[in-house]
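The values are calculated or read from the model by the stated rules, or taken from the named source; none is laboratory data. Keep in mind that what you see is a predicted model, and the values were worked out from it rather than measured. Every residue, glycine among them, receives a Cβ derived from its backbone with ideal geometry; neighbour counts consider all protein chains shown. Surface areas here come from the heavy atoms of the whole protein model, side chains and all, with no ligands, DNA or RNA. Shrake-Rupley method; radii C 1.70, N 1.55, O 1.52, S 1.80 Å.
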Amino acid sequence: MSATTTASFSARRLAAATLAAGALISVVTLPASAADHGRHERPRVTISEVQYDAPGRDDRSNRSLNREWVEITNTARSSVDLYGWTLENEDGRTYTFDDYRLRGRTTVRIHTGFGRDTASDLFQGSRHHIWGNHSDTATLRNDRGRFIDSESWGDHRRGDHGLGDHRRGDHGLGGHRHGHEGLGGHRHGDGGHHHGDHRHGDNGHHHR
């Protein structure tokens, strides 16, 4: 084999090795980029607000029942299919989502009583109040039973993610909440308003 032929063969081998290395790098790096992209785009579904003490008397009327509700928010841009997802209280009373897709940057309100389901309002169809006035925890799970989010109030606030609760005032109202968990229980007339990260009493409302 001549020197010219040997040099040409070596050049071709070097070029082939370079191309193979480039292809390998592409195989290694592309999935990581795709995973990062997917992580940013994946919907984030949270329990954003809870009206656990319906305003007025708890007389079990459908109006009273429907003034008790939980709001679920999709904070991402892409929609998420909630079919088979569950919303449960501490007593194990469970609402299972039917054929419903929550659009991106959208909130749906799940009422306790009866009504006609719409894009913004769903109804559990219960004849009894579900969420406890004194304390309770609402837990959201997906169709595989995987924990998604929870929100607690009342006596359960201190255990939220093990971060405690700073309380102010003689009635333990107006305390800052840290973290989130929970749901559930019977209603016994408490009051206590949660709004954002502050607890404001008297209307049984919890808002992140």
Distance in nm between Ser61 and Thr96 label points, each 7 Å along Cα→Cβ, equals 3.3 nm
Descending packing, highest mean Cβ count within 10 Å first, for 135-143, 106-114, 72-80 is 135-143, 106-114, 72-80
Ignoring ligands and nucleic acids, Arg105 exposes an accessible area, probe 1.4 Å, in Å² to the nearest 10, of 150 Å²
1/(1 + (r/R0)^6) with r = Cβ-Cβ of Asp121 and Thr75, R0 = 22 Å, i.e. FRET efficiency to nearest 0.05, evaluates to 0.70
Taking placed amide H atoms and a strict 5 Å upper bound, the residues 5 or more places from Ile110 or on another chain that come that close are Val70, Glu71, Ile72, Leu122
